[in-house]
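The values are calculated or read from the model by the stated rules, or taken from the named source; none is laboratory data. The shown structure was predicted, so the numbers you read here are calculated from the model rather than taken from an experiment. Counting neighbours? That spans all protein chains shown, and the Cβs are built from the backbone with ideal geometry, glycine included.
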Amino acid sequence: MGECRCGICNEDEEDSTHMFLKCKMVRWLWKACAKWWGINVTLQEECWNTFQNFERELKEASLRDGWDCIWNALVWTVWLARNQKIFQGKKIDAGKLFELIQMRSFFWVKSKNDRYAFNLVNWIMNPVACLRECYSKRRAPIN
């Protein structure tokens, strides 16, 4: 049985570590998300270690909750793009995937908090400030 090439880059054997961490396009997405959040982390050899590195960089609970949404949005977006390329022949554009990650994470964070008062533009411009505001409202008493 031959090896399966990565459905995204078609350069290396596809496994979960390659597809969600080592693939060149996916590494670019992780770095773009880290830059968007203003954090500097080293991508590790394994997905779990990379996740823990990101979590360690985010000291506030509200930021860790938001980053969980980013992590899930990135993984889900990569998975869908891979399948669309393989099964529908669609091209993958890293910039468009990053925009989808931003948009999906916005709606996922928004759905988790009923006091969410910022819009997609605010989220894209400064997700950290949005989460801090959202978290402070969550802890405030309801009148």
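When restricted to residues that are touching a residue at least 60 places away in the same chain (Cβ under 8 Å) and loosely packed, with under 15 Cβ neighbours inside 10 Å, the stretch 49-77 contains 2. Of all the numbered requirements in (1) within 22 Å of TYR135 (Cβ to Cβ); (2) of a type in the set (Phe, Trp, Tyr); (3) within 10 Å of the chain's Cα centre (by Cα), PHE107 misses one, and that requirement is (3).
One line per residue, one yes/no per condition, for (1) surrounded by 15 or more Cβ atoms within 10 Å (Cβ to Cβ); (2) modelled with pLDDT of 90 or more; (3) of a type in the set (Phe, Trp, Tyr):
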position	(1), (2), (3)
TRP79	no, yes, yes
ASP93	no, yes, no
PHE98	yes, yes, yes
ARG104	yes, yes, no
LYS112	no, no, no
ALA129	no, yes, no
TYR135	yes, no, yes
ASN143	no, no, no
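The set of residues from the stretch 89-137 being polar (S, T, N, Q) and either farther than 20 Å from VAL26 by Cα or in contact (Cβ under 8 Å) with a residue 60 or more places away in the chain (or both) comprises GLN102, SER111, ASN113, ASN119, ASN122, ASN126, SER136. Can you name the residue in the stretch 5-38 that is β-branched (Val, Ile, Thr) and modelled with pLDDT of 90 or more and is also farthest from GLN88 (Cα to Cα) among such residues? Only one residue tops the list, namely VAL26. Given the condition in a helix (DSSP H, G or I), touching a Phe, Trp or Tyr at 6+ places or on another chain (Cβ under 7 Å), at pLDDT below 80 and not hydroxyl-bearing (Ser, Thr, Tyr), answer yes or no: does some residue in the stretch 39-49 qualify? The answer is yes; a qualifying residue exists.
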